[in-house]
Amino acid sequence: MLRSRLIAARAARPAKEIAAAGLALAEQASRAWSAAGTVATYAATGTEPPTRSMIDRLSGLGVRVLLPVVVDAGLQWAPYDGWDRLVPGPLGLLQPAGPLLPADVLHEVDVVAAPALAVDRHGHRLGRGGGYFDRALADVPSSRSVAVVYDDEVLDEVPTQTHDRDVGAALTPSALRPLPAA
């Protein structure tokens with residue numbers, strides 16, 4: 001029920017608010033990760049918090065950006081080389097068409113910025129329910145994983161299941177918020 005409510009709230013967001021959130025996320029990410037060697041993230045679609053400006057800004061700062069490629073029931077990763085070079089993938093996602101990197105590449109990244117519908121103050125991330133990013137985050141310490149959400153999607157509590165992976169921060173348009181929050 002919470003997922004449905006969050007999806008409906010995103011669909012009701014005005015286009016101006018969504019666009020402004022994308023620019024603010026780019027600012028927050030560039031402040032936080034400009035010195036990172038590699039950031040793994042995703043190309044937002046639909047009403048997700050927009051990541052294009054963030055990806056382009058980080059890439060422009062010399063940060064190596066990796067994006068997921070859906071392969072079977074999991075994710076592999078490929079280097080980002082421009083928004084116009086992304087191709088449609090399964091599940092309505094945009095993904096690089098370039099060569100895939102080794103399966104263990106997330107062990108080498110500084111940050112994994114994952115999509116989420118919400119995150120709570122304890123670091124529990126609520127995804128869309130497919131488990132793709134939970135499986136990808138399984139071998140990434142929560143200290144290097146971040147949920148990308150709108151400010152009002154940082155909640156007091158979200159439901160969790162045993163396969164859900166916690167994150168160490170939430171990137172919102174107003175801040176990079178360490179989790180668990182005090």
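The values are calculated or read from the model by the stated rules, or taken from the named source; none is laboratory data. Note that this is a predicted model, so its numbers are computed, not measured. Every residue, glycine as well, gets a Cβ built from its backbone with ideal geometry; the counts of neighbours run over all protein chains shown.
Scan the range 158-178 residue by residue and report those that are assigned to a loop (DSSP other than H, G, I, E, B) and either surrounded by 21 or more Cβ atoms within 10 Å (Cβ to Cβ) or modelled with pLDDT of 95 or more (or both). Answer for the range 158-178, where residues must be assigned to a loop (DSSP other than H, G, I, E, B) and either surrounded by 21 or more Cβ atoms within 10 Å (Cβ to Cβ) or modelled with pLDDT of 95 or more (or both): Val158, Arg165, Val167, Gly168, Thr172, Pro173, Ser174, Ala175. Filtering the range 44-74 down to residues that are within 15 Å of the chain's Cα centre (by Cα) and farther than 20 Å from Ala175 by Cα, which residue is surrounded by the fewest Cβ atoms within 10 Å (Cβ to Cβ)? Residue satisfying both the conditions and the ranking: Gly46. Of all positions in the range 44-61, at least one carries a residue that is closer than 22 Å to Leu117 by Cβ and among the charged types (D, E, K, R).
When Asp84, Asp134 are screened for being farther than 23 Å from Asp166 by Cβ and not in a loop (DSSP other than H, G, I, E, B), only Asp84 passes. Ala21 meets the stated requirement of being within 19 Å of Asp151 (Cα to Cα), surrounded by 21 or more Cβ atoms within 10 Å (Cβ to Cβ) and of a type in the set (A, V, I, L, M). Of all residues in the range 2-43, those being within 16 Å of Ala170 (Cα to Cα) and among the small types (Gly, Ala, Ser) number 8. May I ask you to say which residue of Val70, Val105, Val112, Val65 is in contact (Cβ under 8 Å) with a residue 12 or more places away in the chain, within 23 Å of Arg165 (Cβ to Cβ) and either of a type in the set (Ser, Thr, Tyr) or in contact with a Gly (Cβ under 6 Å, 6 or more places away or on another chain) (or both)? Result: Val70 is the single residue among Val70, Val105, Val112, Val65 that is in contact (Cβ under 8 Å) with a residue 12 or more places away in the chain, within 23 Å of Arg165 (Cβ to Cβ) and either of a type in the set (Ser, Thr, Tyr) or in contact with a Gly (Cβ under 6 Å, 6 or more places away or on another chain) (or both). Return yes or no: is Arg57 among the charged types (D, E, K, R), touching a strand residue (DSSP E or B) at 6+ places or on another chain (Cβ under 6 Å), over 22 Å from Leu126 (Cα atoms) and touching a residue at least 24 places away in the same chain (Cβ under 8 Å)? Against the criterion (among the charged types (D, E, K, R), touching a strand residue (DSSP E or B) at 6+ places or on another chain (Cβ under 6 Å), over 22 Å from Leu126 (Cα atoms) and touching a residue at least 24 places away in the same chain (Cβ under 8 Å)), Arg57 does not qualify.
Among residues of the range 3-61 being part of a helix (DSSP H, G or I), at pLDDT 95 or above and among the polar types (S, T, N, Q), the one that is farthest from Tyr80 (Cα to Cα) is Gln28.
Return the residues of the range 40-60 that are of a type in the set (A, V, I, L, M) and farther than 19 Å from Asp152 by Cα; say none if nothing qualifies. Hits for the range 40-60 are Ala40, Ala43, Met54, Ile55, Leu58. Is the range 68-78 home to any residue that is acidic (Asp, Glu) and modelled with pLDDT of 95 or more? There is no residue in the range 68-78 that is acidic (Asp, Glu) and modelled with pLDDT of 95 or more. Provide a single number: the residues in the range 1-16 that are under 12 Å from Glu48 (Cα atoms), surrounded by 10 or more Cβ atoms within 10 Å (Cβ to Cβ) and out of contact with any strand residue (DSSP E or B) (no Cβ under 9 Å at 6 or more places or on another chain). Residues in the range 1-16 being under 12 Å from Glu48 (Cα atoms), surrounded by 10 or more Cβ atoms within 10 Å (Cβ to Cβ) and out of contact with any strand residue (DSSP E or B) (no Cβ under 9 Å at 6 or more places or on another chain): 5 in total.
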